[in-house]
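Peer 1: Shown below is the structure under consideration.
FYI, it's all coordinate maths here, none of it is from the lab. Bear in mind the structure is a predicted one, so any value in this text is a computation, not a measurement. Virtual Cβ from ideal backbone geometry, glycine too; neighbours counted across all protein chains shown.
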Amino acid sequence: MGFVLCYIAGMITVDHASPLLEVRGVTKSFAGVAALKGVDLSILPGEVHCVLGQNGAGKSTLIKVLAGVYTPEQGELVWRGEPVTIADPTAALGLGIATMYQELDVVDGLSIAENIFLGHELSSAGVLKVREAHRRTRALLARLGHPDLAPGREVGSLPPAGKQIVSMARALSRDIRLIVMDEPSAVLDSEEVKNLFRVVRELTRDGIAVVYISHRLAEIREIGDRITVIKDGRTTASGLGVADTPTRQLITLMTGRDVENVFPPASKIADDAPQVLRVDGISVKGTFEPLSFSVRAGEIFGLAGLVGSGRSEILETICGAIKPSTGSVTVSGSPVRTGSVTAAVGAGIGLSPEERKSQGLILDQPIYRNVTLSSFARFARAAFLNEKLERSTSRVQLESLELRPADPDRAVGLLSGGNQQKVMLARWLVHGTKVLLLDEPTRGVDVGARAEIYALIRQLSAAGTAIVVVSSEIEEVLGLSDRVLVIAEGENLGILPAADIDEPGVLDLVMKGSES
Amino acid sequence: MSNQTAAPVESAMSSNRASATLRRFLGSAAGRNSGLVIALLLLIVVGAVTGGDRFTSISNVLTIVRLASVTGVLAIGMTFVIISGGIDLSVGSVLGLSSVVATLAAVQAAAASFWPLMIVIALAVGLAAGVINGIIIAYGNVVAFMATLAMLIAARGFAEILSNRTTQTVNVRGFLEFSDGDFLGIPTLVWIFILVSAAGWVLLNRTTFGRRTVAIGGNREAARLAGINVKRHIVYLYALSGLTAGIAGIMLTGRTTSGTSTHGTLYELDAIAAVVVGGTLLVGGRGTIVGTVLGILIFNVLTNIFTQNNLNTSVQAITKGAIIVIAVLIQQRFANRGARRS
């Protein structure tokens, strides 16, 4: 009897816990294009509310509405029972809503303490109270599990994970009740993710609500309480319990169809497949040790290692963006001049970089101009470009990559992450690249489009392209590759068939490597 | 009943679509340029109302365009540099230097017998200064602002040494006849401006050179990783800007029939103002030749109206400043609308 009463009492409290923030039917459009078509969301105090959705579903717009960057056209925001308008970011902070953006908004040239108190500096009569700021900064950093960071340290000298700590400390330096985290784990390794989760749990214990946005379902399972799914600017499901919603259902809600996140089967490499890429003892002083490997036509070669292991730098060196201290690169038997991207591209090497937006694409420009950027020789006669040919060639390529709509005149910046990746692939396909270097091919690509990208990579390899893949998701490297090179702190720990090793195996090797 | 309710919804939707289309048009390059055309037409109306026939006469129109042509040529080269995300502060000084060197050559009699040599020399001087700028910026990794500021100072000094700070008059008849002449009733200087603008338009919109320039301005790292030789292209860009400074130098030498180290002082600022008012983003990645030409014309029509009405040149300067601020404010609005996305 007592038990039943308690149970009912518990139910009642949960039922009556009034929401901290309610988002009702919010819409927002840009230049006539609707980004949000009606989003509903209810956040309870002290919960971790996960927002799931594919790229382009409207998550970023929603975050910016909550942060006061955008004002919604219709619908209302109800904060602790009162309808509010959040006119600007200062108003959001005034209510107690802090936002940690994916592109960390810290000022590199200022110290940690200066960043944390930026906009609400501690001062008396206009004179900064530096010592007080440092004292409070130390307390905040300790709370976040980083008492090792000095408040006076310049933020520009910190790794991305450190900048994120600063960004979070800044949020906590204010009196907040809701903190929005946009893909906070994207820049973190597994140890740092653990620390992040510890901090999140501490926050929720104090009654602070967290809106957590991530692509990684495993993380959502670990840290989340409830899930809201948005698709095409609309809420498709709200307040789902994390524990009792199967992954399959979430993916269906996100994509509107059933998708299995599996890697396509590896095709058999012909015994007489020619060696296409050959890397002989390349090294970059202080970044990675001399390294040799070769990739055959139709083979996918993976580099497995943690953040900071030198993976990306290896790809950048092969494609000529970094000049190696030693070693040589050969494509189909002919040596490639190192340290020149132009020479590497000419020899048939193409890189799809880690940061597509800042390193790969010209977002302002239409798709076809991004596609033909490396192949002017094919489209120009005596320096005069044939735009008609550029458009038609791009269209054919976009269709074969199933990029919809296959409109070559659309600005690349308007595309989703998966489609932007397809534009990068299209560039190298049009160029006729023999060696494709893929750095984080599915970063910022949602679950639904991932399987598609994997299948495309397989298809390209089957057509005879030699592919080198780098990813921070070890499972992805192992799933895609035929052979993998395990690397830790710039050191080659061995090359082995991908089928012979699993994720714990790689981590085991990496741990052993760093001990010795 | 259903018809009655459907009609207003439909018309609301179509007006919504129409305003979206209008906004998109105003955000596009053609839309921004049409705004400039409207501004220019308004100025012309003001000029016609206040100046009457004096303003609208063919000779006055030709005067406006003839005076516009020197900074106009500079502004075409500047457009490329600014689209690539750079800046060239040295063009005014390089103009002066090339006029001095070309005049010296004429005085030294070498060119007197064959006057086109003066033009070749002026162009070569401009090109050389541009190449030096480009190499320092691209391979020395010096910020364009500083490198070209240094060239601005140094080229002026060099011109002073060569000319001994005196103004040399050009007496080469063939050259004077050429530069003061006309073809089909349009002065030679105006023809040069037209040709440079047309060549600039083709170069920007139809060639790999133009495409590379926009790509570098839009995302330099992406252009580099796509295989574009960014450093070499930057040298070409400043060489082009230097070349237009050389062309402007010989044009001003012809118009004033003299060469002096003070030629072209502060012209770089007029050129930059015209480019920016013309809709080219100072951060690079976007801009048009048509916009630059319209920007030049707007400033020169304005100057003409002030001169025609004997108005204070200081007030004119204030008006110019206001136009720059207003134009940039308007452009930012449209640029933001066009660029915002989810």
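Peer 1: Straight distance only, please: which lysines reach the Cα of A:LYS64 with their own Cα at less than 20 Å, same-chain residues fewer than 8 apart left out?
Peer 2: A:LYS28, A:LYS37, A:LYS231, A:LYS357
Peer 1: Would you look at the GNM of chain B, springs on alpha carbons closer than 10 Å, and say which of B:GLY200, B:GLY157, B:GLY96 moves the most?
Peer 2: In this elastic network of chain B, the residue with the biggest mean-square fluctuation among B:GLY200, B:GLY157, B:GLY96 is B:GLY157.
Peer 1: In addition: Once you sort the root eigenvalues of the Cα gyration tensor of the range A:137-184 as a ≥ b ≥ c, which label holds: rounded (a/c under 1.5), prolate (a/b larger than b/c) or oblate (the other case)?
Peer 2: oblate
Peer 1: Continuing with the same structure: List the residues of the range A:205-236 whose backbone N lies under 19 Å from a point placed 7 Å from the Cα of A:GLU475 along the Cα-to-Cβ direction.
Peer 2: Output list for this probe position: A:213-225.
Peer 1: Using per-residue counts of other Cβ atoms within 10 Å, averaged over each peptide, order A:147-159, B:129-141, A:319-331 from highest down.
Peer 2: Packing proxy ranking, top to bottom: B:129-141, A:319-331, A:147-159.
Peer 1: On a 0 to 90° scale, report how tilted helix B:58-83 is relative to the longest principal axis of chain B, with both axes built from alpha carbons and the result rounded to the nearest 10.
Peer 2: It works out to around 80 degrees.
Peer 1: Among all the aspartates and glutamates, which ones have a C-alpha under 13 Å from A:LYS434's C-alpha, if same-chain residues fewer than 8 places away are not counted?
Peer 2: A:GLU299
Peer 1: Which distance in nm do the two modelled labels at B:THR169 and A:ARG143 give, with both placed 7 Å along the Cα-to-Cβ direction?
Peer 2: 8.2 nm
Peer 1: Continuing with the same structure: When you look at the Cβ of every residue in B:203-211, what mean number of other chain Cβ atoms sits within 10 Å?
Peer 2: The mean count of partner-chain Cβ atoms within 10 Å per residue comes to 5.
Peer 1: Which percent of Cα-Cα pairs in chain A sits in each 10 Å bin, short to long?
Peer 2: Bin by bin from 0 Å, the calculated values are 4, 16, 25, 25, 18, 9, 2, 0, 0, 0.
Peer 1: Considering every residue in B:215-223, what mean count of other chain Cβ atoms within 10 Å of its Cβ is obtained?
Peer 2: So the per-residue partner count for this stretch is 6.
Peer 1: Here is a further query. Remind me, relative contact order of chain B in percent, using alpha carbon pairs under 8 angstrom and six or more residues apart?
Peer 2: 33 percent
Peer 1: Could you work out how far the C-alpha centroid of the range A:397-469 sits from that of the range B:264-335, in angstrom?
Peer 2: If you average the Cα positions of each part, the centres end up 43 Å apart.
Peer 1: Quick check: Cα centre of the range B:149-176 to Cα centre of the range A:296-336, how many Å?
Peer 2: 54 Å
Peer 1: Using DSSP to define loop residues, name the trypsin sites (Lys or Arg not before Pro) in the range B:104-193 whose beta-carbon has at most 11 other beta-carbon atoms within 10 Å.
Peer 2: B:ARG165
Peer 1: If you place +1 on the Cβ of every Lys and Arg and -1 on the Cβ of every Asp and Glu, how big does the dipole about the Cα centre of the range B:69-335 come out, in debye to the nearest 20?
Peer 2: My answer is approximately 680 debye.
Peer 1: Listed highest first by mean packing, meaning other Cβ atoms within 10 Å per residue, what order do B:50-57, A:348-355 come in?
Peer 2: Taking the mean over residues of other Cβ atoms within 10 Å, the ranking is A:348-355, B:50-57.
Peer 1: Run the helix sum for chain A: -39,500 (n - 2.57) per DSSP H stretch of 4+ residues, divided by residue count, reported at 222 nm to the nearest 500 deg cm²/dmol.
Peer 2: The per-residue figure over chain A is -10500 deg cm²/dmol.
Peer 1: Same structure again: I'd like the FRET efficiency for A:ARG205 and A:SER29, computed as 1/(1 + (r/R0)^6) with the beta carbon distance as r and R0 of 60 Å, rounded to 0.05.
Peer 2: 0.95
Peer 1: Quote the FRET efficiency, to the nearest 0.05, computed for A:SER358 versus A:VAL396 with a Förster distance R0 of 25 Å and r equal to the Cβ-Cβ distance.
Peer 2: Given R0 = 25 Å and the Cβ-Cβ separation, E is 0.30.
Peer 1: How much net charge surrounds B:SER90 when only the other residues with a Cβ under 10 Å from the Cβ of B:SER90 are counted, with Lys and Arg +1 and Asp and Glu -1?
Peer 2: Result for the neighbourhood of B:SER90: -1.
Peer 1: On to the next question. On C-alpha positions alone, give me the angle between the axis of helix B:267-277 and the longest principal axis of chain B, in degrees, nearest 10.
Peer 2: 10 degrees
Peer 1: Which order do the peptides B:67-80, A:97-110 come out in when sorted by mean C-beta neighbours inside 10 angstrom, highest first?
Peer 2: B:67-80, A:97-110
Peer 1: For the range B:147-293, what is one quarter of the convex hull surface built on the Cα atoms, given in nm²?
Peer 2: In nm², the orientation-averaged hull projection of the range B:147-293 is 10.3.
Peer 1: B:SER59: net charge of surrounding residues, Cβ under 13 Å, Lys/Arg +1, Asp/Glu -1, itself excluded?
Peer 2: Combined, the nearby Lys, Arg, Asp and Glu give 0.
Peer 1: Same structure, new question: Normalise the Cα radius of gyration of the range B:69-335 by 2.2 N^0.38 Å (N = residues in it) and let me know the number.
Peer 2: Against the compact-globule rule of thumb, the ratio is 1.00.
Peer 1: Under the definition of Cα pairs under 8 Å and six or more residues apart, what whole-number percent is the relative contact order of chain A?
Peer 2: Computed over chain A, the figure is 14 percent.
Peer 1: Can you check what the net charge comes to around B:HIS263, using other residues whose Cβ is under 12 Å from the Cβ of B:HIS263 (Lys, Arg +1; Asp, Glu -1)?
Peer 2: Summing Lys/Arg as +1 and Asp/Glu as -1 gives +1.
Peer 1: Length gain on complete extension for the stretch A:ARG221 to A:THR236, per 0.36 nm per residue less the alpha carbon to alpha carbon distance?
Peer 2: Separation in residues times 0.36 nm, less the Cα-Cα distance, equals 3.5 nm.
Peer 1: Does the range B:197-258 come out rounded, prolate or oblate by the C-alpha gyration tensor, with a ≥ b ≥ c the root eigenvalues, rounded set by a/c under 1.5 and, if not, prolate when a/b is larger than b/c and oblate if not?
Peer 2: Prolate is the answer for the range B:197-258, as a/c is 1.5 or above and a/b outweighs b/c.
Peer 1: Okay, moving on. Expected output is a single nm value to one decimal: the length gained when fully extending between A:SER328 and A:LEU389, i.e. 0.36 nm times separation in residues minus the C-alpha distance. What is it?
Peer 2: That works out to 18.3 nm of additional length.
Peer 1: Which residue, chosen from A:LEU385, A:LEU373, A:LEU401, occupies the Cα position most advanced towards the positive end of the dipole of the range A:364-423, where the dipole is computed from +1 (Lys, Arg) and -1 (Asp, Glu) charges on Cβ about the Cα centre?
Peer 2: Farthest along the dipole direction, towards plus: A:LEU385.
Peer 1: Which value in nm describes the separation of the simple spin-label points at A:ASP175 and A:ALA17, placed 7 Å from the Cα toward the beta carbon?
Peer 2: 2.3 nm
Peer 1: Right, another one. Quick check: pseudo-label points 7 Å beyond the Cα along Cα→Cβ at B:ILE186 and B:SER113, how many nm apart are they?
Peer 2: Spacing of the two 7 Å Cα→Cβ label points: 3.6 nm.
Peer 1: What average number of partner chain Cβ atoms lie no more than 10 Å from the Cβ of the residues making up A:342-354?
Peer 2: Per residue, the average neighbour count from other chains is 2.
Peer 1: For A:SER157 and B:VAL142, what does the FRET efficiency come to when R0 = 25 Å and r is the distance between their Cβ atoms, rounded to the nearest 0.05?
Peer 2: 0.55
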